[in-house]
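As structure tokens, the structure follows; a few thoughts come after it.
The values are calculated or read from the model by the stated rules, or taken from the named source; none is laboratory data. Everything quoted here is computed from the prediction, not taken from an experiment. Positions of Cβ are generated from backbone atoms using ideal geometry, with glycine treated the same way; all protein chains shown enter the neighbour counts. Ligands, DNA and RNA are excluded from the accessible area calculation, which covers all protein heavy atoms including side chains. Shrake-Rupley method; radii C 1.70, N 1.55, O 1.52, S 1.80 Å.
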Amino acid sequence: MNNSLLEVKNLNTLYGRSHILHDLSFCLDKGKSMSLMGRNGMGKTTTLKSILGIVSPRSGHVYFDGEDITKLPTWKRMRRDIAYVPEGRGMFHNLTVKEHLQMAARPSSNGDKSWDFDRVMATFPRLQERLSNLGTELSGGEQQMLAIGRALATNPRLMILDEATEGLAPLIREDIWNVIATIRESGISTLVVDKNIRALRKLCDHHVVVVKGKVHFSGSSEELAQNLQEVETALSV
Amino acid sequence: MIFEKRTERIFLATFFVIALCIPLFLESNSFFVGKATTVLILAIFVMSLDFLVGRVGLVTLGHALFYGLGGYLFVILTPEYEAVNFWIYAIYIMCVSAFVALVVGVVVLRTSGIYFIMITLAISQMAYYFFFDSLHFGGGDGLFIFIKPDTSIFGLSFLNLDNPTHFYYLALLGVLITLLTIKIVLRSRFGRIVEASRLNPARTEALGYNIFSFKLISYVIGSTLAAYAGLLFALQYGYVNPQFMTWEMSGTALVMSILGGIGTIYGAILGTITYEGLQYFFEHMSENWMLFMGGSIILMVLLLRKGLTGYLEKLLEK
Amino acid sequence: MANKIILETESLSKHWGGIKALNDISLQFHDKQLHGVVGPNGAGKSTLLNMLCGALKPSSGCIFHNGEQIEGMKPWNFVRRGIGRSFQKTNIYADITCLENCAIATQRRFTGSFNLFASRHSNKMVTEAAEKALLQVGLSNRISSIAAEISYGEQRQLELAMVLATDPCILLLDEPMAGMGHEESLRIIELLNELKKSYSIVLVEHDMDAIFELSDQLTVLDNGTHLITGTVDEVRNEPRVKEAYLGKEEEETA
Amino acid sequence: AAGDPIKIGLMLPFSGIYAQLGEAGRDGLKLALKEKASELHGSPIEFVELDTEAKPSRAPELASSLLNQHEADFVIGPVHSGVAMGMIKMLRGKDTIMIIPNAGSAAATGPLCSPNIFRTSFSSWQPSYPMGKIALEKGYKKVYAISWNYGMGQESLDAFEESFTAGGGEIVKKVLLPFPSTNFQPNVSDIADQNPDAVFTFFAGGGAIKFVKDFDAMGLRGKIPLMGSGFLTEGTLTAQGDAAEGVMTGLHYAEQLDIPKNHEFREAFNTEYGHYPDIYAVQGYDAGQAITNTVNLLKGDISDKQAVISTMEGLTIDSPRGAFTFSKAHNPIQNIYLREVKDGVNVVQSIAAEALEDPARGCKL
Amino acid sequence: MSAELFFVQLVNGVQYGLLLFLIASGLTLIFGVMGILNLAHGSMYMVGAYLVWYFAAVTGSFTAAAALSAVIALGLGILIERLLIQRLYNRNHLDQVLLTIGMIFVFNALQSILWGNDPHGVSVPDALSGSIPFTDNSSYPIYRIFAALICIGIAAALYFVVSKTRLGMLIRAGESNREMVEALGVNIKNLYTIVFAIGVMLAAISGIIAAPMRSIVPGMGESVLITCFVVVVIGGMGSIKGAFVGALLVGVISTFAAVLIPSMSNMIIYIFMILVLLVKPQGLFSK
Ligand SMILES: Nc1ncnc2c1ncn2[C@@H]1O[C@H](COP(=O)(O)OP(=O)(O)OP(=O)(O)O)[C@@H](O)[C@H]1O
Ligand SMILES: Nc1ncnc2c1ncn2[C@@H]1O[C@H](COP(=O)(O)OP(=O)(O)OP(=O)(O)O)[C@@H](O)[C@H]1O
Ligand SMILES: [Mg+2]
Ligand SMILES: [Mg+2]
């Protein structure tokens, strides 16, 4: 039985003439968690966007739960229970916090709706007092919480987070890591892009480091520990 | 170099060479010279609009207010039945228009975006109704200008405005002056801040500029140029009508400038010629010219991403 | 502190409807010092900076610059007094070159912004000042790149260069290192260390390493209220700060 | 010389609000030229048709095209008074003969009159002036007058007022609404409140339909008589339906006018175009007749423009509206009929004024 | 002005305002909420009026004609969005101006080719043709009351859908960030097609409802277009409530102006808009 949830094979993506991703491949197993690391501008966001179909790769394939989703439009891919927390948070300037959560809410494809409004609120109590504020009126960190909450409201099987802790206070960053851990424990797979190698080492089972659009390192946490030196150089930590 | 793009230089060189020669071929047909003059005058108007919309970021649907005003001011300011000097009155009228633009600008620039579009539209419609309803200015039927002004400078007279060819060259001169004025302003240090306030107004304010005054000055410049175009148009046929001020007039000019490639300035000339050319062609081809006109506009939007000049640049720029 | 007070707030408050973003904040910022401001998300840090630079009007309270009350002034007057700020969300002119970005920022210092005729390139002083600002942040190899095409980290550097180009005496920096990689952060830390010798800097940042290393004074805000102001060590050892802000991640590193 | 082609330029609206008027005028004109082809002494006719869109701003340019580019002998147009001004500016005093087939603006045959400008329609004064007398005859003492605030509207109300007040009537309220607003309901309510003896109005086209419908919808029909310049019920009766019953108007024509020429013309027009003509077609037809008659009298030689003008001035045109001649100012001297709408038809009640001549104030011809 | 006349005019004003809202309702949706600058909106109003006139003559029944016309308009909306508007979402607003002005030309030409240039009228359906006594010598037509009720109904439904339902949130979110909405698993393409088509249908429905009260003439579309924009802008972009209040204000003000200062009554709504924008540069109900 195939145990992979998300598989990326030989992805090549270009912006105009500049070739960003070169034959990128990796695989994420069901219920597992994976990190994607790399320095600024190495193509992490581009990888995520290629997986989601927001940019279309020149060649290569994306498989989700065994199905080739490379040719599907973005919204159909998301309907396979993928959720996305974008870089820059993607707030809607004309929707209130409450509406952000209501508009996104939907049960997963197998009818699971355990992440309802109340559970999101319990996870991010800070949002409770801001329910009738517009999304763009929130502070940076509050926006980040809302973006994650909004993604959770879709009851996903795979959460993709792009720099989810950027601009968060240490305590809240901690909270977010905990939330991601809980999410993972509840059976949701996660693909996390971040620069904080320390936190990711604890959180994720598998790690991928991209350098200039190529996979530089790929391996489990133990393997990462063994190659820490080399990876840190690649990340210039 | 004021003209930065290769395409721009090639186009303008070609345009001015052809434009200079046109009367030589058409001398016998005063209608075509007249038509070409009208197109040039419109091009001045459209350039001034293109400057405001594309470069200053002020999308206005009330620009025709100043176009009409140029003509009406001539009627209002000149003594009846007396030949006045064109240059003196042109400057006089532009000063008055500039003052009107300043007052209007102070009011309309308090808003932005779609609200700015609507408030400019409202003001020009009000001016339209004012002239339409006032019998003193001829009401809806408009007014005649009976006397063409003389154009001597220090007693020397090169141009006779009753001669269509001479008037044509006056309009062509207007195109050149407008083009240079706008280009010089855009290249200046003032133009740098104007550009900045279009690209990112909040940031420009945070850098210590009062962008209101930059916009206001630009608005006055654009409006004054439009008034000059309106003055020329009124003089060409000796006729003013409130209809020159309607939002349809502004809308048509906007269409021409988008068609040419918004914000390119020289594109305004190309857009005007193309639009007028198409309309002339379709009108003589079929009673249902609107169908063809609309169809070609739709096709052009779909096919050309950045207007006609965008397409030209693709061809000519390496 | 020996240095003179250059900027001061007195019971500064900002309310949005029922939300008290900032409540009764009195702070003093000294010349040639770096004053760190930290606090949980939504504590009101950006709101504070927004009021210090004139972008927001306080609901109540006063701001003094060199002893003069300034909170009612127009935003551009703040800049003219030498109060410059950077933005939390990158806020640059995306479609033009880095040099032009800085030239816009610096031109105001030289006369002629209302000169309609002289070419924008005719004043060498403007170009030089802009180049200097880019050099300061380490972007001198990017002078003629279009701002949208440089990497995110570099855009953050450009953001900073633009503030420097206005030649301020007070720098208000809102998370200049957010989204920057490690290497770039180190460069900025180095730069700020250099800058604080000649400017007064207010720095909002969640990167604790940077804050602890740089701050002469450190203020902690929580939920719109002033928690504590003091030296780095004073603040670090304050239990309330640990509870409200730092959490255990900090303990681990410490 | 005879046999040379005669060039006729048309400057009429073929699109926009006045398009129907333009088309009707053109059809009438072409019918006349076709019927009277034999009178042209072998000269072929060439048409140049330009769409004015009823936009004054383009008028001078189009007129210049007909004058200078196409060198037309006759220019027929326009419908819209504003356009007329632009045309007159170009054509005044030129060799080309301009025949106005509709626009009623007083200035065209008033201060701006010119030897080469003729009108085969009416001046706005003509249909309204006799209505003042009619109102008095019917015993109306207090009249509410309402129209659009533009040349035609003002001139119509003024003409009515001129004869009405001279005979002792009183205009209780005179309302000039901005053109082309059609939100009439408040004014109809105001009329109900004022309760005058009658209402006099000038509206045309879509505005006429809307006004008559509002008047009826608010329950005023049958209570307060509605009178107007004839355009209130011209070409609009089907759209107005029952609402127009009983409306009294004055005009220089009526479709049911019982004279042989009219029957003849209507049948001929219907055979040609498959529908019956309206007033605008009549006016175009008479413009065509003015041309053919002149050419005929000159035996096909229209090179001497002075002769053309003096010939045309002397014509008596056998119009479907009844024969008419031109006044000194080149305006038709014609009968004005009083009509009343009965069963969806303008029925002629009487001749409101016989051989009425426009005063042509300000014309120095 | 007597109290009675004041009341009469108030009723007239409200009724006119409601009709204005109906005409503007599609525009609020397409322009205010979705953010698409559709200058051809007036043409859709014209199309609705012409269609109902045409089908009323063919079928002999106003109701059948109205239903048929509304359905055709919906189809037309889908077609226009799919063929034209859709290609412009990631372009400058000004390109939308250009495209929709092109559409105005085409629709005007088609109207002239298909239906000619004569003015037309549609008679009020028999069931609604009566009127109720109003003042001493005037009465109020039932059809106009009926039309007013429909306007209120549509206003309420629109308000509810846009501000309270998930669909409404999706539409608004789409105006803010299309990519993000799609990344939440919503087929934004279809959603926008449908919403645009509904906007077109609303414009057509207002043409249908207005047809028996107004005249059907060439160019009728352009004359209402600007008034609609004024209504939407006075209310504040994106606010249904604003458009509703704006329409009522414009209706009442121009009604009273038509009687009290007739010569100014066209200008008055512009003056009013300018005043509103000077006090609230983002319209009455902007956030
Ligand atoms: N829309 C675009 N057009 C052209 N180039 C782009 C575009 N978006 C990104 N790039 C380029 O593609 C490269 C990879 O960008 P990407 O956003 O994937 O990096 P990243 O790894 O997410 O970096 P960061 O950590 O800064 O977010 C960069 O060099 C960037 O300049
Ligand atoms: N325009 C606004 N309208 C209403 N509330 C606002 C507005 N702007 C900010 N707020 C509220 O004010 C509070 C303070 O916001 P601020 O942006 O100052 O926080 P911050 O300390 O900068 O947080 P972060 O570290 O997350 O950027 C937040 O709770 C936010 O929701
Ligand atoms: Mg990224
Ligand atoms: Mg902040």
Pop the C-beta distance of A:LYS9 and E:LEU167 into the FRET formula with R0 = 25 Å and round what comes out to the nearest 0.05. 0.10
Could you tell me how many degrees, from 0 to 90 and to the nearest 10, lie between the Cα long axis of helix D:125-137 and the main elongation axis, the longest principal axis, of the Cα atoms of chain D? 30
Estimate for me the total accessible surface buried between chains D and E (protein heavy atoms, probe 1.4 Å, no ligands or nucleic acids), in Å² to the nearest 100. 2700
Mind listing which GluC sites (Glu not before Pro) in the stretch B:233-318 are in a DSSP loop and have 14 or fewer other Cβ atoms within 10 Å? B:GLU317
Added length on full extension, which subtracts the Cα-Cα distance from 0.36 nm per residue, B:ILE76 to B:ILE177: 33.8 nm
For the pair B and E, total buried accessible area rounded to nearest 100 Å², probe 1.4 Å: 3600
If you take every DSSP beta bridge fully contained in the stretch C:34-253, what fraction is antiparallel? Give it as a percent rounded to 5. 35
Residues C:SER144 and A:ASP65, FRET efficiency given R0 of 56 Å [Cβ-Cβ distance, rounded to 0.05]: 0.70
Helix E:41-59: inclination vs chain E longest Cα principal axis, degrees, rounded to 10, gives 60
Dipole in debye (nearest 20) - the stretch C:34-253, about Cα centre, beta carbon charges: Lys, Arg +1; Asp, Glu -1: 1220
Gyration tensor on Cα atoms of the stretch E:193-287, a ≥ b ≥ c root eigenvalues, a/c under 1.5 rounded, else prolate if a/b beats b/c, else oblate, says oblate
Enter the accessible area per residue of the protein assembly as shown (Å², integer; probe 1.4 Å; all protein chains in place). 35
Accessible surface of chain A [probe 1.4 Å, protein heavy atoms]: carbon and sulfur percent: 47
Within 10 Å of each Cβ of E:124-136, how many other protein chain Cβ atoms are there on average? 2
What is the Cα radius of gyration of chain B over 2.2 N^0.38 Å, N being its residue count? 0.98
Ranking D:VAL341, E:TYR54, C:CYS53 by how far each Cα lies towards the positive end of the charge dipole of the protein assembly as shown (+1 on Lys and Arg Cβ, -1 on Asp and Glu Cβ), the top one is C:CYS53
Count charges around D:ASN293 for me, please; just the other residues with Cβ under 13 Å from its Cβ, Lys/Arg as +1, Asp/Glu as -1. -3
Is there a pair in D:LYS94/D:LYS328; E:LYS164/E:LYS189; D:LYS223/D:LYS342; B:LYS148/D:LYS364; D:LYS142/D:LYS342; C:LYS14/C:LYS242 whose C-alpha atoms are over 20 Å apart, and which pairs would that be? E:LYS164/E:LYS189; B:LYS148/D:LYS364; D:LYS142/D:LYS342; C:LYS14/C:LYS242
At q = 0.19, 0.23 Å⁻¹, the log10 of I(q)/I(0) for the stretch B:1-107 from a Debye sum over equal Cα scatterers comes to -1.18, -1.23
Quick check: with the 1.4 Å probe, what order do C:HIS226, C:HIS30 take by accessible area, largest first? C:HIS226, C:HIS30
What is the angle, in °, between the Cα long axis of helix A:140-152 and the longest principal axis of the Cα atoms in chain A? Nearest 10 is fine, range 0 to 90. 80
Phi to ³J(HN,Hα) by Karplus 6.51 cos²θ - 1.76 cosθ + 1.60 over the stretch D:83-94, Hz, x for Gly, Pro: 5, 4, 4, x, 5, 4, 4, 6, 9, 3, x, 8
Estimated FRET transfer efficiency (E:ARG91, C:THR90; beta-carbon r; R0 35 Å; 0.05): 0.90
Among C:ALA178, A:ASN155, E:VAL276, flag the residue with its Cα farthest along the positive direction of the charge dipole of the protein assembly as shown, charges on Cβ as +1 for Lys/Arg and -1 for Asp/Glu. C:ALA178
Chain B: DSSP helices with Cα axial extent of at least 20 Å and average Kyte-Doolittle hydropathy no lower than -0.5: B:6-26, B:30-50, B:86-108, B:114-133, B:164-187, B:211-237, B:266-285, B:289-303
Within the protein assembly as shown, percent of DSSP bridges classed antiparallel, to nearest 5: 50
Summed buried accessible surface, chains B and D, 1.4 Å probe, nearest 100 Å²: 2700
Test of understanding: in a Gaussian network model of chain D with alpha carbons linked when under 10 Å, which of D:THR325, D:THR311, D:THR294 would top the mean-square fluctuation ranking? D:THR311
At q = 0.12, 0.17, 0.22 Å⁻¹, what log₁₀ I(q)/I(0) does the stretch A:171-237 have when each alpha carbon counts as one equal point scatterer in the Debye sum? -0.32, -0.64, -0.98
Quick one: net charge of D:TRP125's neighbours, Cβ under 13 Å, K/R +1, D/E -1? -4
With the charge dipole of chain E built from beta-carbon charges (+1 for Lys and Arg, -1 for Asp and Glu) about the Cα centre, the Cα from E:LEU260, E:PHE285, E:ALA109 projecting farthest to the positive end belongs to E:PHE285
Using a probe of 1.4 angstrom, how much of the accessible area of the stretch C:34-253 is carbon and sulfur, in percent? 49
Each residue of C:98-110 has, on average, a number of other protein chain C-beta atoms within 10 Å of its C-beta equal to 4
What size of dipole, in debye to the nearest 20, comes out for the protein assembly as shown about its Cα centre when the only charges are +1 on Lys and Arg C-beta atoms and -1 on Asp and Glu C-beta atoms? 2040
Could you sort the residues of the stretch D:159-186 by number and keep only those whose accessible area is reduced by 30 Å² or more in the all-protein-chain setting relative to the chain alone, 1.4 Å probe? D:PRO178, D:PHE179, D:ASN183, D:GLN185, D:PRO186
Once both labels are modelled 7 Å past Cα along the beta-carbon direction, what's the B:VAL107-A:ASN178 spacing in nm? 6.0
Could you work out which residue, out of B:LEU42, B:LEU143, B:LEU121, moves most in a Gaussian network model of chain B, that is, has the largest mean-square fluctuation with Cα springs under 10 Å? B:LEU143
Which order do A:HIS100, A:HIS93 take by accessible area at a 1.4 Å probe, largest first? A:HIS93, A:HIS100
D:LYS142 versus A:GLU185: modelled label distance in nm, points set 7 Å from Cα along the beta carbon direction: 9.0
For the stretch B:1-85, the percent of accessible surface on carbon and sulfur atoms (probe 1.4 angstrom, ligands and nucleic acids excluded) is 65
Given all pairs of different Cα atoms, what value in angstroms does the Kirkwood hydrodynamic radius of the protein assembly as shown take? 35.8
Ordering E:ARG214, A:ARG150 from largest to smallest accessible area (1.4 angstrom probe), what's the sequence? E:ARG214, A:ARG150
Most fluctuating residue of B:ILE262, B:ILE91, B:ILE18 in a GNM of chain B with Cα springs under 10 Å: which is it? B:ILE18
Can you give the mean number of other chain Cβ atoms that lie within 10 Å of the Cβ atoms in peptide D:214-220? 6
Please report, in debye to the nearest 20, how large the charge dipole of the stretch C:16-149 is about its Cα centre when each Lys and Arg carries +1 at its beta carbon and each Asp and Glu carries -1 there. 120
Can you give the net charge of the other residues whose Cβ lies under 14 Å from the Cβ of C:SER119, counting K and R as +1 and D and E as -1? +3
Could you work out Rg/(2.2 N^0.38 Å) for chain E, with Rg from alpha carbons only? 1.01
Anything in chain C that counts as a DSSP H helix reaching 15 Å or more along its axis (C-alpha) with Kyte-Doolittle mean of at least -0.5? List them, would you? C:124-137, C:152-165, C:182-195
What residues of the stretch A:85-104 lose no less than 20 Å² of accessible area with every protein chain in place versus their chain by itself (probe 1.4 Å, heavy atoms only)? A:GLY90, A:PHE92, A:HIS93, A:ASN94, A:LEU95, A:GLU99, A:GLN102, A:MET103
Of all DSSP beta bridges in chain D, antiparallel share, percent nearest 5: 30
May I ask you to list the trypsin sites (Lys or Arg not before Pro) in the stretch A:176-223 that are in a DSSP loop and have at most 14 other Cβ atoms within 10 Å of their Cβ? A:LYS212
For the stretch A:103-111, 3J(HN,Hα) per residue [Karplus equation, 6.51 cos²θ - 1.76 cosθ + 1.60, θ = phi - 60°, Hz, x = Gly/Pro]: 5, 7, 4, 7, x, 6, 5, 9, x
For the stretch C:34-253, inverting the pair-averaged 1/r of distinct alpha-carbon atoms gives a Kirkwood value in Å of 18.4
Positions from the stretch B:127-151 whose accessible area shrinks by 30 Å² or more when the full protein complex is built, not the chain alone, probe 1.4 Å: B:TYR129, B:PHE132, B:ASP133, B:LEU135, B:ASP141, B:PHE144, B:PHE146
